[in-house]
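Chemist: Structure in structure tokens, see below.
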Amino acid sequence: MTTSAISSTEQTISGDAANGQTASLPEHDVTDRSLAAEGLRRIEWAEREMPVLRLIRVRFARARPLEGMRIGACLHVTTETANLMRTIVAGGAQVALCASNPLSTQDDVAAALVVHFGVPTFARRGVDREGYYRHLNAVVDTRPQISMDDGCDLVSLLHRQRRDELANVVAGTEETTTGVIRLRAMAADNALEYPIIAVNEAKTKHLFDNRYGTGQSTVDGIMRATNVLLAGRRAVVAGYGWVGRGIAARLRGMGSLVSVVEVDPIRAIEALMDGFEVRSAADAAAWGELFVTATGNVNIFRREHFGLMRDGAILANSGHFDDELELGALREMCGQRIREVRPDVVEYDLGDRRLYVLAEGRLVNLAAGEGHPASVMDMSFANQALALEYLVKHQAELGRDVHTVPAEIDREVARLKLEALGVHIDPLTAEQLAYSKSWESGT
Ligand SMILES: NC(=O)c1ccc[n+]([C@@H]2O[C@H](COP(=O)([O-])OP(=O)(O)OC[C@H]3O[C@@H](n4cnc5c(N)ncnc54)[C@H](O)[C@@H]3O)[C@@H](O)[C@H]2O)c1
């Protein structure tokens, strides 16, 4: 493993982590440290929309529940993640961060994390595969006791190539659906070596982040990349899970005619009764003008479908990995006739028709946009912070398995969010409480 591009310097940090003292910059590998001031401004802008995480940070700074822990995080390097890193540092932990996707890093945020918050950060937007894994390895080199993952790449690296460091790790968290699926497969194979909390499974995560966060930011990413009119456009959403539901609803809100492609009969009925047409992938390929995948599965639109698509069709993905569109096949079909026509838009010329792929088939909301709005990440990352606190206290009691976020944490996050939004709800009256627990009363 090489870490040659990774550096630390004597410039001093200036944000929360400096605590009024002079400290050298931590080890890091970021694109341009001079972007730090811009990153700081954007991190502070996001913080305004993250009141729950801010409350947790204040409490963590007092109680220091993570004191002395070393945490290794592999997350999208965005303004919201920066605020999570600040919360973890306030809680007393040392944290090192790398990106969970080569195209989602916001270079100004990475710079600000190093310069203003003293967080060892290894992330450059557009890094190649070798650089991506060099960054993950740099985080593993900090000997984490807790892993934080978004997509399971860090956990997978620890279990497959860095078993030397596995014994140090006592617990972990996982942010997204695809990561949880991979972890459950590991647990089923008896291969998972430590307990992991599936943050994605908190209701205050997937009901809001996956649905409303990805719904809005996916449409935003498509608009930023293409500036096409969505009203009246025939859009196909593949996958009607939490993410797909959000994208389909938001595209409809923009006036698109939306069809859904599903493989699960229950989800397909749900899409139908939500008012969408449901089509097979082949039927949708011939019908659609805009395609968005959000399945967590592979090769949803592939060679046989590209051959059916109309001239000008736009293809994007919002699932975790860049394998939902079979781009290898599309490249073969086009030979040399591939060119970038706008930032994040590549034209594939099939001879008689041209198709346009956004953000290299990587998650379009993060690669062509800024990812989820901070307000929704407030709840996801509040779950992350509280899950870390829980793991520090309870990791010894948890088996080597995938665990759900305790219900009391989930409810607490919802309660704090409502409070921050100034929304009041009623408690049950004593009579209602007794009624809800009784079985004697009836017709
Ligand atoms: N872009 C983002 O910021 C972001 C945010 C959250 C989740 N994600 C990712 O989005 C993906 C979907 O997450 P989710 O929470 O909606 O998962 P989910 O499990 O709720 O939904 C996935 C849906 O896809 C369907 N599906 C599977 N294979 C299919 C196929 N071949 N054709 C059509 N449909 C198929 C499934 O039946 C299911 O209904 C995951 O990869 C997840 O990690 C991305």
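The values are calculated or read from the model by the stated rules, or taken from the named source; none is laboratory data. Model, not experiment: these values are computed from the prediction. When we count neighbours, we look across all protein chains shown, and the Cβ atoms used for this are built from the backbone with ideal geometry, even at glycine.
Chemist: Would you mind finding the one in Ile71, Ile88, Ile56 that is part of a strand (DSSP E or B) and closer than 26 Å to Gly179 by Cα?
Modeler: Going through Ile71, Ile88, Ile56 in turn, the sole match is Ile71.
Chemist: Condition test on Leu391, is it surrounded by fewer than 14 Cβ atoms within 10 Å (Cβ to Cβ), modelled with pLDDT of 95 or more and not small (Gly, Ala, Ser)?
Modeler: Taking the combined requirement at face value, the residue does not satisfy it.
Chemist: If you don't mind, another one. Among the residues of the range 216-249, write down those that are of a type outside the set (S, T, N, Q), near the ligand (Cβ under 10 Å from one of its atoms) and more than 19 Å from Ala285 (Cβ to Cβ).
Modeler: The answer is Gly221, Gly241, Trp242, Val243, Arg245, Gly246.
Chemist: Within the range 263-286, take every residue that is small (Gly, Ala, Ser) and touching a Leu at 6+ places or on another chain (Cβ under 8 Å) and give me the one that is farthest from the ligand (Cβ to nearest atom).
Modeler: Here the answer is Ala286.
Chemist: Go over the candidates Gly371, Gly351, Gly312 one by one and state the one that is touching a residue at least 12 places away in the same chain (Cβ under 8 Å) and in contact with a Ser or Thr (Cβ under 7 Å, 6 or more places away or on another chain).
Modeler: From the options Gly371, Gly351, Gly312, the qualifying one is Gly371.
Chemist: Additional query: Take the conditions touching a Gly at 6+ places or on another chain (Cβ under 7 Å) and farther than 24 Å from Val237 by Cβ and apply them to Val169. Does it pass?
Modeler: Criteria not met by Val169.
Chemist: What residue, of Gly335, Gly351, Gly371, is on the phi > 0 side of the Ramachandran plot and within 14 Å of the ligand (Cβ to nearest atom)?
Modeler: Residue meeting the stated conditions: Gly371.
Chemist: Let me ask something else. Confirm whether Val260 is part of a strand (DSSP E or B), more than 9 Å from the ligand (Cβ to nearest atom), surrounded by 20 or more Cβ atoms within 10 Å (Cβ to Cβ) and β-branched (Val, Ile, Thr).
Modeler: The answer is no for Val260.
Chemist: Near the ligand (Cβ under 10 Å from one of its atoms) and modelled with pLDDT of 95 or more: does that describe Val298?
Modeler: In short, yes.
Chemist: Do we find that Leu97 is at pLDDT 95 or above and either of a type outside the set (Asp, Glu) or assigned to a helix (DSSP H, G or I) (or both) in this structure?
Modeler: yes
Chemist: I'd like to know if the range 154-164 contains one or more residues that are closer than 25 Å to Asp108 by Cα, over 22 Å from the mean Cα position of the chain (by Cα) and not charged (D, E, K, R).
Modeler: The answer is no, given that none of the residues of the range 154-164 is closer than 25 Å to Asp108 by Cα, over 22 Å from the mean Cα position of the chain (by Cα) and not charged (D, E, K, R).
Chemist: Here's something else I'd like to know. Please state which one of Leu154, Leu166 is hydrophobic (A, V, I, L, M, F, W, C), within 16 Å of the ligand (Cβ to nearest atom) and at negative phi.
Modeler: None of the other options fit; the residue is Leu154.
Chemist: Out of the residues in the range 27-60 that are farther than 18 Å from Leu84 by Cα and either among the aliphatic types (A, V, I, L, M) or at pLDDT below 95 (or both), state the one that is surrounded by the fewest Cβ atoms within 10 Å (Cβ to Cβ).
Modeler: Ala37
Chemist: Turning to a different aspect of this structure: Being within 17 Å of Gly215 (Cα to Cα), aliphatic (A, V, I, L, M) and outside any helix (DSSP H, G or I) is the filter here, so list the residues in the range 267-326 that pass it.
Modeler: Leu290, Val292, Ala294, Leu315, Ala316
Chemist: Please indicate, with yes or no, whether at least one residue in the range 350-368 is surrounded by fewer than 22 Cβ atoms within 10 Å (Cβ to Cβ) and assigned to a helix (DSSP H, G or I).
Modeler: Yes, that holds for at least one residue.
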